[in-house]
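What follows draws every value from the coordinates through simple rules; no lab data is involved. None of the values given here were measured: they were computed from a predicted structure. FYI the Cβ positions are ideal-geometry reconstructions off the backbone, even for glycines, and counts take in every protein chain you see.
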Amino acid sequence: MKEKIKKILEEKQPQRAKEIARRLNSTSRDINRILHANSKDFVQAEDCSWSLAPSAELVVAFPSKKWLSTSQFEAALTAVESPLESALPNVVFKLAPDTRILLEVTARLLALCNQLVDAGKSVTIDFRECRATSAYLNRVGFYDLLDPRVIILPLRPAASTARALLGGNSAIVEVAKIDLQHRDNEIPRRLYRSLAEHLPAKTPLHTILGELFDNIHEHSSSPIPGFVALQCYKSGNDPHISAVFSDNGSGIVGTLMPTLDASVVERLAATGKREEIALIEAVFSGEQLSRMPDEGRGLGLKLTGSFAQKFNGSIIVRQETFEVTMRHAGGKRTFTSRTGLRKMRGTHICVKISLTQ
């Protein structure tokens, strides 16, 4: 009965007990008894009307989509308070029925959940209406890196499908933790082998993927592990490969901006864009930034940009509160950006490589 009362108040509030009783074919006495016995769920005003108690949960509800994109993921976050900055102690991510999520969304969800737990929040992911997606996440290794304190509804998988099938499908490189203390050279080798199965020969895979892997391994300053993953999407109207590289540390801007010479910062400001956005565009387009001591990261990002250009690909770079997208098509390179995103620490890169060449 309590849940039925909640549904009525969700439709319209406040309401008096007799109005609720009429809807439920009950008596005001019985409804008042339930309302008073559940003071954590219902509050009464001075005029004796009832409303739902303010929630202690921040619910992020993702829309029902065949494939949930990063734009839709960010829109769902923007529709509510910033989870990392909200005073609410509990955060719930709710998946709609029949919604599948792209690898780049998987990476952002994984990073954000771990950051929230690290910040002392209670986190729940509700898959009760979308159990197939939970099974997919298990296959790509999401649960292997997800903080064990995150609550999974209806149930966290008892065993890792990713570990059981590790390396058994060249179209998938399961989510792999980048251990800052112990470099695992098998991770970039797995990425090379997977890409080599689907791209033309003589592609400079070793240099490109190795640089991105090294950037996280060498420059991350976060106790939350970074990770990489890859998936090949062969069917549909947009066959492509997505490779994700996530670092929960200081981010590209946080790492590079303090090292830049004042003249370089002035040059970035002169573009008319936010200096942080202009910096991301500069390093991915291969622009030479004088007196940038962090040459390793700069080289890796420049090579990644060149790689995307070769395959008419795109790169999405998600920073703390903004993202920059670089696209290549018909020999032309374009940049777009989105600002005002909800806070997420680190750098989260998705390299998308077209398979329609």
- Task: Please list, in chain and number order, the residues 5+ apart from S86 or on another chain whose amide H is under 5 Å from its amide H, with Hs placed from the backbone.
- Result: none
- In deg cm²/dmol and to the nearest 500, what is the mean residue ellipticity at 222 nm of the chain if only DSSP H runs of at least 4 residues count, each as -39500 (n - 2.57), divided by the residue total? -11500 deg cm²/dmol
- Which of these, R23, R139, R338, has the largest mean-square fluctuation under a Gaussian network model of the chain (Cα springs below 10 Å)? R23
- Query: Modelled label-to-label distance, L355 and L153, 7 Å Cα→beta-carbon offset: nm?
  - Reply: 3.6 nm
- Most fluctuating residue of G254, G313, G331 in a GNM of the chain with Cα springs under 10 Å: which is it? G331
- Message: What's the ranking of 155-161, 276-282 by average number of surrounding C-beta atoms within 10 Å, highest first?
- Response: 276-282, 155-161
- Length gained, A119-A269, 0.36 nm per residue minus C-alpha separation, equals 50.7 nm
- Item | Cut-off 13 Å between beta-carbons: net charge of the residues surrounding E19, Lys and Arg +1, Asp and Glu -1 | +3
- Query: For the chain, modelled as a Gaussian network with Cα springs under 10 Å, which listed residue fluctuates most, L268, L24, L58?
  - Reply: L24
- Message: At a threshold of 8 angstrom on Cα-Cα distance, excluding pairs fewer than six apart, so keeping six or more, what relative contact order does the chain reach in percent?
- Response: 12 percent
- Message: Quick check: the distance between the Cα centres of the range 120-154 and the range 341-357, to the nearest angstrom?
- Response: 21 Å
- Item | the range 55-165 - charge dipole about Cα centre, Lys and Arg +1 at Cβ, Asp and Glu -1, debye rounded to 20 | 440 debye
- Note on the structure: So the FRET efficiency between S82 and K234, C-beta based with R0 = 30 Å and rounded to 0.05, is 0.25
